[in-house]
1. Being among the hydroxyl-bearing types (Ser, Thr, Tyr), within 16 Å of LEU137 (Cα to Cα) and touching a Leu at 6+ places or on another chain (Cβ under 9 Å) is true for just one of TYR32, TYR20. Which residue is that?
2. I'm told ALA476 meets every condition in (1) more than 29 Å from GLY308 (Cβ to Cβ); (2) of a type in the set (A, V, I, L, M); (3) not assigned by the TED database to the domain that holds PRO372 except one. Can you identify the failing condition by its number?
3. Touching a residue at least 24 places away in the same chain (Cβ under 8 Å), β-branched (Val, Ile, Thr) and at negative phi: is that true of VAL339 in this structure?
4. Does ILE331 fit the bill of being among the hydrophobic types (A, V, I, L, M, F, W, C), in contact (Cβ under 8 Å) with a residue 12 or more places away in the chain and within 24 Å of TYR286 (Cα to Cα)?
5. State which residue is modelled with the highest pLDDT when the search covers only the range 389-400 and only residues that are out of contact with any Asp or Glu (no Cβ under 8 Å at 6 or more places or on another chain) and open to solvent by 40 Å² or more (accessible area, probe 1.4 Å).
6. Criterion first (open to solvent by 30 Å² or more (accessible area, probe 1.4 Å) and of a type outside the set (S, T, N, Q)) does LEU361 satisfy it?
7. Can you pull out every residue in the range 339-369 that is more than 15 Å from LEU498 (Cβ to Cβ) and within 26 Å of the chain's Cα centre (by Cα)?
Amino acid sequence: QFFVLCHGLLQLSQLLVSGYLKSSISTIERRYGLSSQTSGLLASFNEVGNTLLIVFVSYLGSRVHRPRLIGCGALLVSLAGFLMSLPHFIAGPYEYDQSVASTFSNTTDLCQPGAWANLSDASCTPHASRENHEVLLVMFMAQALLGIGGVPIQPFGISYIDDFASERNSPLYLGILFSVTVIGPGVAFMLGSAMLRFYVDIDKVSAAEVQLTNKDPRWVGAWWLGFLVAASLVALSALPYFFFPREMPREVGGVLHTHTHTPQSATGTGTSFPVVLLRNLRHPVYLLVVLAQVNISAMVAGLATFMGKFLERQFSLTASLANMIIGAVNIPGAMVGIVVGGAILKRFQMSLRQCSALCVLGMLLCLLTALPLLFLGCPTQKVAGVTYWDRYHSSGPGTGSGGHSQGGHVPDTGTFLGCNTHCQCPEKVFNPICGSDGVEYTSPCSAGCRSVSIPTDSSVLNYTRCSCIPGPAGFARPGSCGTGCSHLFVPFVVLSCLAGILASISHTPSFMLILRSIQPEDKSFAVGIQFMLLRVLAWMPGPVLYGSAIDTACVLWERRCDQRAACRYYDNSLFRRR
């Protein structure tokens with residue numbers, strides 16, 4: 001029982017490391033200028049290390065000192081967690097464009113005719129671009145290590161428990177571990193929600209110097225902090241494993257019998273690996289159920305990675321709140337669905353045909369609840385020269401909708417005829433402000449604002465004398481205008497949670513379909529192949545495909561050193577449909 005407790009804690013903290021990355025992905029994108037395709041690849045890269053080794057490890061079976069190997073794996077996972085946070089310590093402080101001179105920079109981005117000529121591309125030194133490559137390299141290495149370290153943890157833990165628990169208690173113990181693996185991601189998102197409330201450079205700059213609120217589009221939360229917490233927890237949970245024996249006396253309580261150790265692999269039956277593989281893959285039920293699971297898992301992998309980002313952009317939420325919703329509503333919803341599915345199975349003692357009917361029913365109902373989600377969202381905010389061309393005869397309104405979203409020519413937001421030509425704004429500046437006319441401008445300069453004041457009653461800046469904002473008192477406030485349809489947020493969350501519950505009802509029956517339709521001696525092998533296919537066909541490509549699809553909805557890219565970096569603005573309805 002102590003081993004089960006330790007293993008539960010270890011699995012929980014291991015999932016914290018891998019799940020926490022997903023919760024802070026939009027923040028890491030913004031901090032290091034990554035496209036969603038790159039961040040999707042990063043999020044699924046731990047599966048690469050994992051898949052390469054999993055076959056080898058399950059072949060080793062019980063010929064090794066299992067607890068010790070689990071401990072070593074856990075130490076690798078912990079190292080990976082610390083490595084993930086390393087970029088924060090090797091890179092300089094986070095820099096963003098500001099209007100008020102501060103200790104970072106004495107320039108401002110107000111409209112100052114003739115003052116901009118010298119600000120060409122000072123920020124792009126060879127050092128800056130090299131630093132970015134180093135950051136990516138470290139993170140990808142950490143993710144690969146995380147995958148490798150995670151390999152022995154689950155299979156060895158489960159087989160160890162199954163070998164030495166009494167037959168009556170074994171299902172209970174495995175059930176406890178399974179519920180932990182489902183709770184884990186929820187806890188990870190809650191951890192993300194807590195950490196992203198702090199400013200990223202909390203350890204490098206004093207609070208007084210930070211002029212951003214966490215609602216500002218330039219805000220970056222302390223993404224690295226969660227990795228330190230999670231990695232420390234993994235390291236702590238790893239310690240007891242070095243003191244467990246190689247074999248335990250079997251727990252009394254069920255039928256006691258001498259237990260022989262057989263390596264859990266297909267070779268146990270005496271038939272060769274390819275024969276068993278083909279025998280299983282030719283089985284129509286097995287093949288179809290696994291393909292169905294591949295499809296739903298790819299969807300889950302993509303959503304788990306980018307759902308937070310989606311909520312942030314559609315409903316103008318902070319990263320912290322988006323993570324809170326996912327961790328407290330969506331993931332528990334999926335847990336409820338899994339439990340309900342299992343309960344229905346047990347209560348009605350279902351046949352195979354009834355199992356498949358239950359799966360189909362769950363998925364159909366899920367589709368029906370998910371359909372309205374296509375329409376529940378917000379229109380793109382009006383951003384002058386990016387999504388909104390009225391009053392600006394810009395250099396290229398012809399490229400309005402399709403042309404630049406593919407990452408081609410982005411209209412130069414600094415050259416509207418008339419209202420801000422005299423400002424000579426640099427292209428790269430990004431310090432969004434919301435005009436009194438409800439239009440968003442990418443910087444005070446592009447709105448033609450000449451002066452900024454800090455009212456005594458509040459800490460929020462006020463931009464005035466803006467030549468692009470109509471009306472006698474053309475003023476603006478910092479930050480994005482937001483999408484302004486927060487009333488759709490609650491229906492969206494409710495429906496997406498419901499869809500998640502209905503989809504996950506089919507989880508247990510689909511497993512039953514696999515276990516019961518296959519020859520008993522192929523069971524462990526069939527499950528191994530199933531997880532292998534899920535990894536290769538779903539968990540790996542899922543986030544990358546989702547990220548690439550999200551990238552196609554971008555309408556304004558940040559440029560770093562003439563390279564496309566993170567996305568500044570999305571076409572919201574396109575993002576939602578994709």
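1. Only one candidate qualifies: TYR32.
2. ALA476 satisfies every listed condition except (1).
3. Spelling it out, it is not the case that VAL339 is touching a residue at least 24 places away in the same chain (Cβ under 8 Å), β-branched (Val, Ile, Thr) and at negative phi.
4. Here the answer is no, as ILE331 does not meet what is asked.
5. Checking each candidate, the answer is TRP389.
6. Judged against the criteria, LEU361 is a match.
7. The one that is more than 15 Å from LEU498 (Cβ to Cβ) and within 26 Å of the chain's Cα centre (by Cα): VAL339.
Residues are listed down the side, and each one gets a yes or a no for (1) among the acidic types (Asp, Glu); (2) assigned to a loop (DSSP other than H, G, I, E, B); (3) surrounded by 18 or more Cβ atoms within 10 Å (Cβ to Cβ):
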residue: GLY337; (1), (2), (3): no, no, yes
residue: ARG353; (1), (2), (3): no, no, no
residue: THR369; (1), (2), (3): no, no, yes
residue: CYS378; (1), (2), (3): no, yes, yes
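The values are calculated or read from the model by the stated rules, or taken from the named source; none is laboratory data. This one's a predicted model, so the numbers in the text were calculated from it and none came from an experiment. All Cβ positions, even for glycine, are placed from backbone atoms using ideal geometry, and neighbour counts span all protein chains on display. Keep in mind that these areas ignore ligands, DNA and RNA; they rest on the heavy atoms of the full protein, side chains included. Shrake-Rupley method; radii C 1.70, N 1.55, O 1.52, S 1.80 Å.
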